[in-house]
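Trainee: Sharing a structure below in structure tokens format, with a few things to ask.
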Amino acid sequence: EARPDMGRIHGPSFVNVLAFAPFILTLVAGTVGHTALGIPFAVSILALVPPLLVSVINPSLDYAVKYARLLVGVIIVSCLASSAALPYFYLRFDESHYSMPRDEMADVAINIWARETGHPLRFVSGERDFAMAAVFRTKDKASDFNNFNFRWAPWVTRDGLKQYGLLAICQKIDEACNRRAGRFAGAGSKIVEHTIQRKIWNAEGRPWTFNVYVIPPGSVSD
């Protein structure tokens with residue numbers, strides 16, 4: 001039979017476990033699985049932290065509801081008022097991140113592959129941001145060949161690459177990416193250089209120059 005004070009004694013510990021265990025386990029799983037963890041992962045793993053803070057602070061519910069409504073209203077109005085101008089300012093003042101043409105370059109690479117090979121796109125590698133964008137944006141059933149590493153992408157085999165080919169997207173200045181891509185480029189492969197920049201209204205991001213490695217079926221080097 002459970003003691004009547006079990007909830008009072010162990011309740012806070014149980015809430016702590018619920019709040020922080022997903023965060024810790026996600027870090028462990030990401031480290032073991034060589035997974036790049038981004039900000040979106042924190043949306044769900046930290047979902048129970050606010051209830052924990054409420055239990056610790058123990059605010060007056062009347063005041064909490066009142067100011068929460070006011071704060072939410074201010075946030076919504078501010079977001080609506082600034083949403084139209086934010087892309088412009090991001091592109092103008094955040095050249096290192098927001099000007100990165102992930103989707104635009106992915107579409108270009110997909111079109112180059114279709115034009116040069118005429119085959120469905122199955123495997124994509126290169127710089128992760130652009131490779132993953134191509135995987136998600138292509139209409140073909142493509143897979144990410146993570147960092148050209150067979151251990152990190154066990155679903156990819158050299159025989160599979162020879163059968164279906166490989167598309168790689170590397171910045172021209174990224175020597176490591178170009179070196180790895182070049183190891184797979186055999187006879188019949190092609191490197192297409194392309195420069196692209198994002199544009200919003202009269203603001204332009206910095207130009208990005210890429211090497212698109214088109215390695216058709218049967219052209220992967222041994």
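Trainee: Against the definition (part of a loop (DSSP other than H, G, I, E, B), open to solvent by 90 Å² or more (accessible area, probe 1.4 Å), modelled with pLDDT under 75 and not polar (S, T, N, Q)), how does P59 come out, yes or no?
Mentor: Spelling it out, it is not the case that P59 is part of a loop (DSSP other than H, G, I, E, B), open to solvent by 90 Å² or more (accessible area, probe 1.4 Å), modelled with pLDDT under 75 and not polar (S, T, N, Q).
Trainee: For E116, only one of the following conditions fails: (1) touching a strand residue (DSSP E or B) at 6+ places or on another chain (Cβ under 9 Å); (2) closer than 14 Å to D222 by Cα; (3) surrounded by fewer than 18 Cβ atoms within 10 Å (Cβ to Cβ). What is its number?
Mentor: (2)
The values are calculated or read from the model by the stated rules, or taken from the named source; none is laboratory data. The model shown is predicted, which means the values in this text are computed figures rather than measured ones. All Cβ positions, glycine included, derive from the backbone under ideal geometry; neighbour counts span all protein chains shown. In case anyone asks, the SASA skips ligands and DNA or RNA and just uses the protein heavy atoms, side chains included. Shrake-Rupley method; radii C 1.70, N 1.55, O 1.52, S 1.80 Å.
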